[in-house]
Amino acid sequence: MSQDNENRPALTPDDGQDRRSYHNLRDFFEGACLITSPFFDSTQGWGDVSLTFSALHVLRERYPDLTQQEVAILYAGVERYHKFRK
């Protein structure tokens, strides 16, 4: 099992280079977190169903110039933010 870990690429490169793409999404991240926060509130929902999927639609409407891939990446970051900020 330890040999498998040796063959995996490092999560952060040793050369200090940023592996992330879509740096333009950083400009939208704070606003996206603000407008989607009600959808990630665990006290809100529709019956027993969370509203997180609606956050994706709100992001698409709010940022129409972004591609579907960019919206998906922004949503993933926002979702991760709301999940781990608690």
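Things to note:
- All helices (runs of 4 or more DSSP H) inside the chain with 2 or more residues being of a type in the set (D, E, K, R) and at pLDDT 75 or above: 26-36, 52-62, 68-84
- Just so you know, in region 52-68 the residues that are more than 15 Å from P38 (Cβ to Cβ) and free of Cβ contacts under 8 Å to residues at least 24 places away in the same chain include one that is surrounded by the fewest Cβ atoms within 10 Å (Cβ to Cβ), and it is D65.
The values are calculated or read from the model by the stated rules, or taken from the named source; none is laboratory data. As the structure is a prediction and not an experimental result, all values here were calculated from the model. Neighbour counts are summed over all protein chains in view; Cβ atoms, including those assigned to glycine, are modelled from backbone coordinates with ideal geometry.
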